[in-house]
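What follows is a set of notes on a single structure, which appears directly below.
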Amino acid sequence: SARLAGRVDISNQTRLDLETRAQLATASPGTPDLPADLAKLPLRSDVGASLGLTHRFNRFELALKGAYEHIVWDDSKLTNGMTASNRDRNYDQYGAQLRGSYELTPGVKPFVEAGADARVHELAVDFAGVARDSVGFVARAGTTFEMTRKLTGEVSIGYLDRVYKDASLPELRGAITEASLVWSATPLTTLRLIGKSSVEETILPGVSGTLVRDARVEVEHAFRRWLIGTLKFGVGSDSYVGSSRVDHRYAVSAAITYKLSRVAQLKGEARREWRTSNVIGGDYAANVFLAGIRLQR
């Protein structure tokens, strides 16, 4: 993954926020979108950018943001040596979001937010003959806060609705919650709580998409300024709208970060993850080991 963000202060009241990002990942084992005779998990690349304009009217703040995402899947390699195309899973997403917030007190800023996006697939219909282009709407209300610099974050609750071009696909709708809380328990120990809801695409016949909800707790401790340990525990659920399938995901991990300098860090992580499903054959468990380097300026 890579992320580059910047800010331009046009005036004391107006700023411009810019961001570009890229991510390369694999599909999760056992997901129903994969063929049964898969020899190797296909790769998914996600490239995006966003541009936001924010203006303050004394205590009231208004922010407008536009975003673009481009998602591409590699072909699936099968056990017989052949490949299966995933072109019907490729799509572009265009979105806009408007947020209004008011600073009640220093550090406490309630907000309301509304957004819309359109997903346009590379193929007008997928390989099953279904038109999967869609338009989504979301509304949220919440607050950001900072309490004595020890507890900071943002919490919100909202509702989303996604309408699909093909009449055979039911609307995907539901309540969503999001949270990002950071508690600095001591100068050396930090606790984080992260929650997020999203909608993922699928090619399952009769299924509109997957309503994904995730929550994660992280405890980070600095043994030294240059040596940091992290424990994580996460839970999640995947609800396939248009089907009775519901998957529950869990993950536990331990990670270590060694800071070579202000620019470079070595990272290692061992993770145990598993999934339980109400569909036969949908359960799986895996041990994941990661090693890498992080560069930042």
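Of the residues GLY153, SER197, VAL125, the one whose Cα sits farthest towards the positive end of the charge dipole of the chain is GLY153 (charges of +1 on Lys and Arg Cβ, -1 on Asp and Glu Cβ, taken about the Cα centre).
Count neighbours as other Cβ atoms within 10 Å of each site's Cβ, and list the chymotrypsin sites (Phe, Trp or Tyr not before Pro) in region 97-192 that are DSSP loop with at most 14 such neighbours.
Numbers: sites: TYR102, PHE111, PHE127, PHE137, PHE145, TYR159, TYR164, TRP183; in loops: PHE127.
Sparse-neighbourhood loop chymotrypsin sites (Phe, Trp or Tyr not before Pro): PHE127.
For the chain, the solvent-accessible area with a 1.4 angstrom probe is 59 square angstrom per residue. Just so you know, the Rg over Rh for the chain is 0.97, from Cα atoms, with Rh as the Kirkwood radius.
Mean sequence separation of contacting Cα pairs (under 8 Å, at least six apart), scaled by the length of region 1-114, corresponds to a relative contact order of 20 percent. Projecting the Cα atoms of GLY142, VAL207, THR14 onto the charge dipole of the chain, computed from C-beta unit charges around the Cα centre, puts THR14 farthest toward the positive end. Shape analysis of region 95-151 yields a ratio of the Cα radius of gyration to the Kirkwood radius, Rg/Rh, of 1.31. Among residues other than PHE127 with Cβ under 13 Å from its Cβ, the summed charge is -2 (Lys and Arg +1, Asp and Glu -1).
Averaging 1/r over each pair of different alpha-carbon atoms in region 113-204 and inverting the result gives 15.7 Å, the Kirkwood hydrodynamic radius. Applying the criteria of a DSSP loop state and at most 16 other Cβ atoms within 10 Å to the trypsin sites (Lys or Arg not before Pro) of region 170-253 yields ARG225. Counting only protein heavy atoms, what percent of the accessible surface of the chain is carbon or sulfur at a 1.4 Å probe? Carbon and sulfur together cover 60 percent of it.
Where nothing but the Cβ of Lys and Arg (+1) and of Asp and Glu (-1) is charged, how large is the charge dipole of the chain around its Cα centre, in debye to the nearest 20?
Values: 39 positive and 34 negative charges, 296 e Å.
Computed about the Cα centre, the dipole is about 1420 debye.
The values are calculated or read from the model by the stated rules, or taken from the named source; none is laboratory data. Given the structure is predicted, the values throughout are model-derived calculations rather than measurements. Every residue, glycine among them, receives a Cβ derived from its backbone with ideal geometry; neighbour counts consider all protein chains shown. Side chains are part of the model used for accessible areas, which takes the heavy atoms of the whole protein and leaves out ligands, DNA and RNA. Shrake-Rupley method; radii C 1.70, N 1.55, O 1.52, S 1.80 Å.
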